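Following: one structure in structure tokens, then a few remarks.
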Amino acid sequence: MTFSLPDLPYEYDALEPVIDEQTMRVHHSKHHAGYTKKLNAAIQDTDYEDKPITDILSALDEVDEDIRTTVRNNGGGYYNHLLFRENMAPQGVQASESMQKTIQEQFGSMEDFIEQFISTSAGQFGSGWGWLVYTKDKELQIVTTANQDNPISQGHTPLLGVDVREHAYYLHYQNKRADYLKARTQLINREVVEKRLQDAQSA
Ligand code: MN3
């Protein structure tokens, strides 16, 4: 088994006007496809062909040194973009009452959470990702990672991820990363966030 480019859960133009069709198309059919192809090339004829991506990224130090950086960057790219697409829906999906309560307990309110999520993600220097994670200490936390690193490599479970590399927003927002992040909060599929949290808590 090798990895295949996951289909988008919606059409390329479904997230307009927040994310334009061309950005979605290039991001998926060129960038995401590229990570998938390079990951497959790196793990060809190794045991990793039969492992879930989460197992591979959770134990990067066990990957052969000659392919480790390639697997880290492209395996991360493959998995991060999959999570990112699932985290969005055309009109967004509101949180259930219990999820709202969970967010309130940790961050004060949903508005406070969104504000912190935007400012932390916007502050990532250069290319990377903003995340809401369920930590190995069983807490919700907002973190960033550089390049294509996934929080799972630090033992955390990613619940909500946002790509802050320029290719994710530059066509429409140019250098205004915070504007992109703010607009994008309309698209958050909180049902998916909650499902991932429940899975992590019962794991
Ligand atoms: Mn990207």
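Values in this text are rule-based calculations from the coordinates and carry no lab data. All values derive from a computational prediction rather than experimental measurement.
Between the range 46-67 and the range 139-203, how many Å separate their Cα centres? Measuring centre to centre over Cα atoms gives 23 Å.
Antiparallel versus total DSSP beta bridges in the chain: what percent is that, nearest 5?
Numbers: 14 of 15 bridges.
Approximately 95 percent, going by the DSSP bridge assignments.
Could you give me D for the chain, from Stokes-Einstein at 20 °C and 1.002 mPa s, where the hydrodynamic radius is the Kirkwood radius over C-alpha pairs? Units µm² s⁻¹, please.
Numbers: Rh = 17.3 Å.
D, rounded to a whole number, is 124 µm²/s.
Sequence gap at least 6, Cα distance under 8 Å: using those rules, report the relative contact order of the chain to the nearest whole percent. Display every interim value, and only then the final one.
Numbers: 297 pairs, mean separation 49.1, N = 203.
So the answer I get is 24 percent.
Lysine pairs in the chain with alpha-carbon atoms under 25 Å apart, 8 or more places apart or on different chains: how many are there? Pairs that pass both the separation and distance tests number 14.
Tell me whether the range 146-198 comes out rounded, prolate or oblate; compute the Cα gyration tensor, take square roots of the eigenvalues as a ≥ b ≥ c, and use a/c under 1.5 as the rounded threshold. List each step's numbers first, then the result.
Numbers: a/c = 3.67, a/b = 1.46, b/c = 2.51.
Note, shape of the range 146-198 comes out oblate.
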